[in-house]
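Only one structure is covered here, and it is reproduced in the block below.
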Amino acid sequence: MQFSHLIQINDPFNPLIEPLSREQLWRGLVLRAENPLLFVMALDRFEIIERGENMLARELHFGKLTLRDRVRFEPMKQVRYEIEAGDDSPAASLVMTIEEPEPEQLFVRFDYETLPGDGAAPIDEFYGSFAKRAYVEADIDTVSTIRRLALEQLARG
């Protein structure tokens, strides 16, 4: 299954939305990788098992389910999550890309891909539709959390 959607970060026509700078947005996307407990509701705990230049390897624990992934950073542009296939889960990827079609007009594009496992049945339409809605809601929550944390940082000075 492949799925992509875009979330607008700054809206110059809505004065009620405090704009974020590209740096604030980037720091939030990096924080999502380094401390996913702030962003992923069903996550019980996580470990960073390797850290390199522009890269993390992690273990994420959701109850009895453990996922391993690698996160790669292209500074100020993109965060790429590559999830390993497990006994109960297929390999997948998530790419978050900052887009700026005009100065200070920031968006984040979320690209999802789930890779079919060996002999796995294709994802049915109902499940795919449900997964897409869940992805969009989770990504809206991610942006809301980034915005809240950026505003708290500004308030602290």
Worksheet item: From the list Q2, Q78, which residue is of a type outside the set (V, I, T) and open to solvent by less than 50 Å² (accessible area, probe 1.4 Å)?
Response: Q78
Discussion item. Pairs please, first residue from region 105-116 and over 15 Å from Q8 (Cα atoms) and of a type in the set (A, V, I, L, M), second anywhere and open to solvent by less than 40 Å² (accessible area, probe 1.4 Å) and outside any strand (DSSP E or B), Cβ atoms under 9 Å, 6+ apart in sequence or on different chains.
Written reply: L115/A91
Discussion item. Give all pairs with beta carbons closer than 7 Å in which a residue from region 28-48 that is under 19 Å from E152 (Cβ atoms) and open to solvent by 50 Å² or more (accessible area, probe 1.4 Å) meets a residue that is of a type outside the set (A, V, I, L, M, F, W, C) and assigned to a helix (DSSP H, G or I); count only pairs at least 6 apart in sequence or on separate chains.
Written reply: L38/T145
Discussion item. Is it the case, given these coordinates, that E59 is loosely packed, with under 13 Cβ neighbours inside 10 Å and within 30 Å of P116 (Cβ to Cβ)?
Written reply: no
Discussion item. Suppose the filter is within 15 Å of the chain's Cα centre (by Cα) and not in a strand (DSSP E or B); does A134 pass it?
Written reply: yes
Worksheet item: For F130, which of the numbered conditions (1) modelled with pLDDT of 90 or more; (2) open to solvent by 70 Å² or more (accessible area, probe 1.4 Å) fails to hold?
Response: (1)
Response to the item:
Checking L94, L151 in turn, the sole residue that is touching a residue at least 24 places away in the same chain (Cβ under 8 Å) and surrounded by 12 or more Cβ atoms within 10 Å (Cβ to Cβ) turns out to be L151
Response to the item:
Screening D111, D87 for residues that are open to solvent by 30 Å² or more (accessible area, probe 1.4 Å), within 16 Å of Y135 (Cβ to Cβ) and out of contact with any Leu (no Cβ under 6 Å at 6 or more places or on another chain) leaves only D111
Practice prompt. Return yes when I17 is aliphatic (A, V, I, L, M), surrounded by fewer than 16 Cβ atoms within 10 Å (Cβ to Cβ) and modelled with pLDDT under 95 and no when it is not.
Written response: yes
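The values are calculated or read from the model by the stated rules, or taken from the named source; none is laboratory data. In this text, all values refer to a predicted model and were calculated from it rather than measured experimentally. Neighbour counts run over all protein chains shown; Cβ positions are idealised from the backbone, glycine included. To get the accessible areas, we keep the full protein, side chains included, count just its heavy atoms, and leave off ligands, DNA and RNA. Shrake-Rupley method; radii C 1.70, N 1.55, O 1.52, S 1.80 Å.
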